[in-house]
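The values are calculated or read from the model by the stated rules, or taken from the named source; none is laboratory data. Keep in mind that this is a model prediction, so the values were computed, not measured. A quick note on method: Cβ atoms are made from the backbone with ideal geometry, for glycine too, and the neighbour counts reach across all protein chains shown. Areas reflect the complete protein model, heavy atoms only, side chains present, ligands, DNA and RNA absent. Shrake-Rupley method; radii C 1.70, N 1.55, O 1.52, S 1.80 Å.
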Amino acid sequence: MRLEKCWFCSSTVYPGHGIQFVRNDAKIFRFCRSKCHKNFKMKRNPRKVKWTKAYRRVHGKDMTQDSTFEFERKRNRPERYDRNLAQTVLGIMPKIEKIRVDREARHHMNRMKGKKLKIQKEGVKELLQSIHMLPIPKVKVVEPPKIKVAVSQQQSEQNLAMEE
């Protein structure tokens, strides 16, 4: 079973699915769905359409440089079958997948690092723009609390004497 890649969005095209377009110069374009085919016919650039894999790679949303991608690459040269090599490759595949998942998670964490600060700045900006819409709080006049001080009889007599 041969799995092809969509020319426009880079998703997988399974056998019996999608559309195939052959140009006059015999170049073959495969599309996963009519959405990709129509965008191709409208001469849209996949690097400028936000939902495509090419856009995500160009704008730093997906990882582009990783040695684990080398294993997915299609090779058209015949190789001599070696049972030991095939066995080691099959044994290493889960480890490679784990490495790829870890690197993707690290890439995602690095991308989201400044997200909280960005959201906070946007919130402050929105608050400043629409501050006039907030109700003005009523100012409650608070009287200072009365402090009762116990004054002895002798101190009050001395104060009266000083006032005279």
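Structure summary
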read-out	value
Nearest-20 debye value, the chain charge dipole, Cβ charges on Lys, Arg, Asp, Glu	2020
With DNA, RNA and ligands ignored, accessible area of residue 127 (1.4 Å probe; Å², nearest 10)	90
Cross-link pairs 5/41; 5/50; 27/95; 48/95 - those with Cα-Cα distance over 26 Å	27/95; 48/95
Computed accessible area, residue 101, all protein chains, 1.4 angstrom probe, square angstrom	80
Whether the stretch 1-90 is rounded, prolate or oblate, judged on the alpha carbon gyration tensor where a/c under 1.5 counts as rounded	oblate
For residue 102, solvent-accessible area (1.4 Å; no DNA, RNA or ligand), Å²	70
The chain: relative contact order as a whole-number percent, Cα under 8 Å and 6+ apart	12
Tilt relative to the chain, helix 115-129 - C-alpha long axis, 0 to 90 degrees, to 10	50
Which of 107, 59 is most accessible, then next, and so on - probe 1.4 Å	59, 107
Signed unit charges on C-beta, dipole axis of the chain, positive-most listed residue 105, 49, 85	85
Global geometry of the stretch 4-51, whether rounded, prolate or oblate, following the gyration tensor of its Cα atoms and the 1.5 cut on a/c	oblate
Dipole magnitude (debye, nearest 20) for the stretch 29-114, charges at Cβ of Lys, Arg, Asp, Glu	840
Rounded tilt (10° steps) of 83-111 against the dominant C-alpha axis of the chain	30
Largest to smallest accessible area among 89, 139 [probe 1.4 Å]	139, 89
Residue 13 long-range amide H proximity, modeled H, under 5 Å	4, 5, 6
